[in-house]
Amino acid sequence: MRDAATSADEPVWLEPWSLDEGSDRVRTLFADAFEGDPDAVASSPGRVTVIGDHTDYTEGLSLCVPIAHRTFVAVRRRDDQALRMVSGNPPRTEPDRWEGAVEALHPGAGIDWPDYVSGVIWAMVERGYPVGGLDIAIVGCVPLEAGLGSSASLTTAVARACDEAWGLALDSEAGAIELAEFCWEAESAYVGFPCGRLDTHTVLRCAADEAVVLDFATAPPTLTHYPLYFHDYGLRLLVIDTGERRDDWMDAFKRRSRDAALAAEALGVRSLRELADAPDGVERVAGIEDPVVRRRARHVITEDRRVQEAAAALGGLGPAHDRFTEIGTLMLASHRSLRTDYEASTRQLDAAVDMAFAAGALGARIIGVGFGGGALALVRATDADRVADLVDAEFVRQGYAQPTFVLV
């Protein structure tokens, strides 16, 4: 958590590393920690959800794009079963180290960064891949706990590096799906966080110049690819990282997941996705007796519909201004739903969304799990600095920690 800002300094922008810079950084860390060169270096991006949060674990829909910020991993095979890991992510002044063994890996060990890495190795072994001991170095520039998929960026980068080092031949579309699935298993089954498949499939299956709609009615999810026109029309996605997160955010997320399951049970359906396409879906939700469960279900169903409308606008043939204005309006509706029905917002997130829209953004919303973290605004490229200036100044005025900004 950052200290509250005491002066209206200039906004803090978090710039991505180039591929060469990231590779050089992780190679240097590897050489310092283990001596010699790695067998493989790989990286994976973070991601942004334009519309469609808290829908992946309810078999719903999400519209996502990757970001330029990435996690870089260097690995070297060992002749034994030992695992040695080192992480040198800023702002650490000294690398963080961990040691263990492949045969000793077991689910539920913890939720720190080594557990996510260990979970990937465990999932590979569970699926029968011939993975043994490794030396692993990790660096990255994906902002942590900002709703940008940093954990999936880490696990998928580890998986890609292991694929190359061990010659697993998973560098195809089918291989990307396989990698995404066991990276999801690393977080959901090994770490024990009940996440959906949104993050891993986005970062492994979506190109840098496109958006994807993920349909979680199937496992693995199906993807529909869309050209990402924002830059062509002078628009950018502005991430506002509040730097704050509720201490109970993980428990709050788990409760939302349980509420969604209870809603499906109350409605007599396998998943809430069945009601997203039903004309009377929202009306049926109104009949749920528990008011909390009712609100959770209403968010999921209306969020799925917002994804469908945003995808239609992104791929439509009408005037660009009208289509992008519609996407902005859908983002605002998504935020209201996440704030009111899912209760996943905070005062800082509401301030970021409200101030960005007041400053000229076409729309803005929470991204990721919520309960703190980041917000996303769709802005004109020429307005990005001004929006960041005004949001930054408002946070300082209200006594909040100074936010940081990422441009997608």
**Request:** Within segment 313-325, identify whether any single residue is open to solvent by 10 Å² or more (accessible area, probe 1.4 Å), at pLDDT 95 or above and among the charged types (D, E, K, R), and answer yes or no.
**Result:** no
**Message:** If I go through segment 193-214 residue by residue, how many of them are closer than 24 Å to R270 by Cα and open to solvent by 40 Å² or more (accessible area, probe 1.4 Å)?
**Reply:** 2
**Message:** Quick test for you: out of A361, A375, pick the one residue that is part of a strand (DSSP E or B), at pLDDT 95 or above, of a type in the set (A, V, I, L, M, F, W, C) and in contact with a strand residue (DSSP E or B) (Cβ under 8 Å, 6 or more places away or on another chain).
**Reply:** A375
**Item:** Residues of segment 188-209 that turn out to be in a loop (DSSP other than H, G, I, E, B) and more than 21 Å from A260 (Cα to Cα), as a count
**Value:** 4
**Within segment 85-131, considering residues that are modelled with pLDDT under 90 and among the aliphatic types (A, V, I, L, M), the one least open to solvent (accessible area, probe 1.4 Å)** = A109
**Message:** Looking at the structure I just gave you, is P291 farther than 26 Å from T346 by Cβ and either at pLDDT below 95 or not β-branched (V, I, T) (or both)?
**Reply:** no
**Message:** Where the second residue is part of a loop (DSSP other than H, G, I, E, B) and open to solvent by 10 Å² or more (accessible area, probe 1.4 Å) and the first is farther than 13 Å from G370 by Cα and lies in segment 330-345, which pairs have Cβ atoms under 8 Å and are six or more apart or on separate chains?
**Reply:** M331/L362
**Request:** Please verify whether segment 239-247 includes one or more residues that are open to solvent by 40 Å² or more (accessible area, probe 1.4 Å), of a type outside the set (K, R) and at pLDDT below 90.
**Result:** yes
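Yes/no per residue for (1) open to solvent by 10 Å² or more (accessible area, probe 1.4 Å); (2) part of a strand (DSSP E or B); (3) of a type in the set (D, E, K, R); (4) touching a His at 6+ places or on another chain (Cβ under 6 Å):
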residue: D135; (1), (2), (3), (4): no, yes, yes, no
residue: L170; (1), (2), (3), (4): yes, no, no, no
residue: G175; (1), (2), (3), (4): no, no, no, no
residue: C183; (1), (2), (3), (4): no, no, no, no
residue: A186; (1), (2), (3), (4): no, no, no, no
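The values are calculated or read from the model by the stated rules, or taken from the named source; none is laboratory data. For clarity, every value in this text was computed on a predicted model and none was experimentally measured. Neighbour counts are summed over all protein chains in view; Cβ atoms, including those assigned to glycine, are modelled from backbone coordinates with ideal geometry. Just the protein is used for accessible areas: all its heavy atoms, side chains included, with ligands, DNA and RNA removed. Shrake-Rupley method; radii C 1.70, N 1.55, O 1.52, S 1.80 Å.
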